């Protein structure tokens with residue numbers, strides 16, 4: 001379900017500085033977005049499911065109780081509105097018992113098109 005057209009951050013005017021323990025600089029605008037997420041840790045084949053609550057061109061935030069450690073390489077599958085986006089990824093940051101930030105790593109062109117279509121809709125373009 002495409003959820004909101006509100007963007008956070010602004011790639012045109014610089015990135016937004018977040019406060020708190022998870023402060024970082026955002027290079028891409030992020031959007032509220034509700035979707036299912038399946039995370040696979042390839043070395044152990046561990047599979048966990050969660051809910052995407054924010055998304056950008058470079059990554060997403062997954063609401064999930066059982067997080068993986070920061071820096072863990074993963075495969076991510078995000079499903080919404082009858083479409084599925086799949087990519088390699090990496091855990092960028094973790095909020096224990098709440099969720100984790102996932103960075104997308106070199107999505108295939110066809111997968112990037114799916115992501116870009118969602119983002120275009122969210123941006124209201």
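Distance between the pseudo-spin-label points of residue 112 and residue 53 (7 Å out from Cα toward the beta carbon): 3.0 nm. Expressed in units of 2.2 N^0.38 Å, where N is the residue count, the Cα radius of gyration of segment 55-113 is 1.09.
If you take the beta carbon distance between residue 41 and residue 81 as r and set R0 to 35 Å, what does 1/(1 + (r/R0)^6) give as a FRET efficiency, to the nearest 0.05? Before the final figure, lay out each step's value.
On the way: r = 27 Å, r/R0 = 0.76.
It comes to 0.85.
Readers should treat all values here as calculations from the given coordinates under stated rules, not as data from a laboratory. On a predicted model such as this, the values are computed, not experimentally measured, just so you know. Ideal geometry is used to build each Cβ from the backbone, glycine not excepted, and the neighbour counts take in all protein chains shown.
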